[in-house]
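What follows is a single structure, and I will ask about it in a moment.
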Amino acid sequence: MTLARLALAAASMLPLAAHATTVRVHYDSPKGGVAIRGDKGPMSWSKGAAANSGDGKVWTYTWPDELGEVHMKPALGDDKVAIGGAYKLAAGSTRDIYPFFGAPFGKVKIIPDFASPQLKNSRKLRIYLPPSYDENRAKRYPVLYMHDGQNLFDARTAAFGVEWGIDETVNRLVATGVMEEIIVVGIDNTPARVDEYTPCCDPQYGGGQLDTYQRFVVDTVKPYIDSTLRTLPGKESTAIMGSSLGGIASVSIAQKNAAVFSKAASLSGSFWWNKEALVTALPPRLPVKFYLDAGTVKDGLEDTIKMRDALQKQGYRQDADLFYHVAEGATHNEKSWAARVDKPLAWFFPWQ
């Protein structure tokens, strides 16, 4: 046996180095301190083990990897436990977490008269900031871009007096540990909505400005959001969603910008547009997750099924990179979309 093989054999018989599991809690708590509650070892769900910090902003706690997988949550003092689900740490792993302890309610801010140099018009941006945004300034967030911003957060501005309730739904899913916190950017529509949300050109309705609108979203809106808010700007943390014409706009924008968006959702998408051109002329399979749904009451379900089938023929698979859902009894309106928007939200941004 050669010397190299002897050395390799000897090394293979050496005991593995001991490992430890470490959680780093990023939270500015210079006086109160941070404790770790959990389901094993020195931790318990009723009493926390004190974490250590040199600067009062990053708190570290370590336990032997012999404990195996551990579920834990940070706490402030004796009574404030982090909002949301428990964190699951595999043995030997190191994890950075960014908790919050206040009320689980985000807030909506409005940017008026946001100009589009591409479309030569302007509109409002309606931005949902998650509950921890002001409380934990060390944290950055995934971003969901949505069309028809007037309809998302406020019934008073919604087209038919019914809002999606995106803020209430995200608040609930975050508080119950179903999804991660996110930023939602609602982009208002304009009187040119049909043109801006559609590719060229439907024999009856025309359209055809979607390529210009997508440049507005990708080249103007997203850079503004990433430069002014604490976002996670990468593709894996960026999604786009809409309904009806906004649904096909979301799918098309993600297809043409797969380096920017990793997820696209179409609720009641208008896949009938231009003799089903989006269905029959799909681009090659892309590293993008697609959510498709439709209701069973006059909601274009047949066209959505055709789009699903076309994606599956390209290799997309249910629950992997395709989520197809039939909404029983649902029709083509904001009330129906509000009732099921939790599905793409939880699929795109699951807890942990």
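When you scan the range 219-229, do you find a residue that is touching a residue at least 12 places away in the same chain (Cβ under 8 Å) and closer than 18 Å to Pro344 by Cβ, even just one?
Within the range 219-229, not a single residue is touching a residue at least 12 places away in the same chain (Cβ under 8 Å) and closer than 18 Å to Pro344 by Cβ.
Separate question: Could you list, in sequence order, all residues of the range 57-104 that are surrounded by 13 or more Cβ atoms within 10 Å (Cβ to Cβ) and under 20 Å from Val184 (Cα atoms)?
Hits for the range 57-104 are Ile83, Gly84, Tyr98, Pro99, Phe100, Pro104.
Restricted to the range 302-352, and to residues that are of a type in the set (A, V, I, L, M), touching a residue at least 60 places away in the same chain (Cβ under 8 Å) and assigned to a helix (DSSP H, G or I), which residue is surrounded by the fewest Cβ atoms within 10 Å (Cβ to Cβ)?
Of everything passing the filter in the range 302-352, Ala346 is surrounded by the fewest Cβ atoms within 10 Å (Cβ to Cβ).
A follow-up question, please. Condition test on Asp113, is it modelled with pLDDT of 95 or more, outside any loop (DSSP other than H, G, I, E, B), open to solvent by 30 Å² or more (accessible area, probe 1.4 Å) and more than 19 Å from Ala50 (Cα to Cα)? First the steps, then the outcome.
Numbers: modelled with pLDDT of 95 or more: yes; outside any loop (DSSP other than H, G, I, E, B): yes; open to solvent by 30 Å² or more (accessible area, probe 1.4 Å): yes; more than 19 Å from Ala50 (Cα to Cα): yes.
Spelling it out, Asp113 is indeed modelled with pLDDT of 95 or more, outside any loop (DSSP other than H, G, I, E, B), open to solvent by 30 Å² or more (accessible area, probe 1.4 Å) and more than 19 Å from Ala50 (Cα to Cα).
Within the range 276-290, is even one residue open to solvent by less than 10 Å² (accessible area, probe 1.4 Å), under 24 Å from Ala320 (Cβ atoms), in contact with a strand residue (DSSP E or B) (Cβ under 9 Å, 6 or more places away or on another chain) and of a type in the set (A, V, I, L, M)?
Yes; the residues of the range 276-290 include at least one that is open to solvent by less than 10 Å² (accessible area, probe 1.4 Å), under 24 Å from Ala320 (Cβ atoms), in contact with a strand residue (DSSP E or B) (Cβ under 9 Å, 6 or more places away or on another chain) and of a type in the set (A, V, I, L, M).
Also, I was wondering about something else. Looking at Ala155, Ala192, Ala159, Ala175, can you tell me which residue is out of contact with any Cys (no Cβ under 7 Å at 6 or more places or on another chain), touching a residue at least 12 places away in the same chain (Cβ under 8 Å) and either closer than 30 Å to Pro350 by Cβ or β-branched (Val, Ile, Thr) (or both)?
Matching residue, one of Ala155, Ala192, Ala159, Ala175: Ala175.
Still on this model: Considering only residues that are part of a helix (DSSP H, G or I) and among the hydrophobic types (A, V, I, L, M, F, W, C), which ones fall in the range 254-301? So that I can check it myself, show each step before the final result.
Step one: list which residues in the range 254-301 are part of a helix (DSSP H, G or I), which gives 254-256, 273-280, 301.
Correct list: Ala254, Trp273, Ala277, Leu278, Val279, Leu301.
The values are calculated or read from the model by the stated rules, or taken from the named source; none is laboratory data. Small disclaimer: the values here were computed from a predicted structure and weren't measured. Backbone-built Cβ (ideal geometry, glycine too); neighbour counts: all protein chains shown. Please note that ligands, DNA and RNA were not included when accessible areas were found on the heavy atoms of the full protein model with its side chains. Shrake-Rupley method; radii C 1.70, N 1.55, O 1.52, S 1.80 Å.
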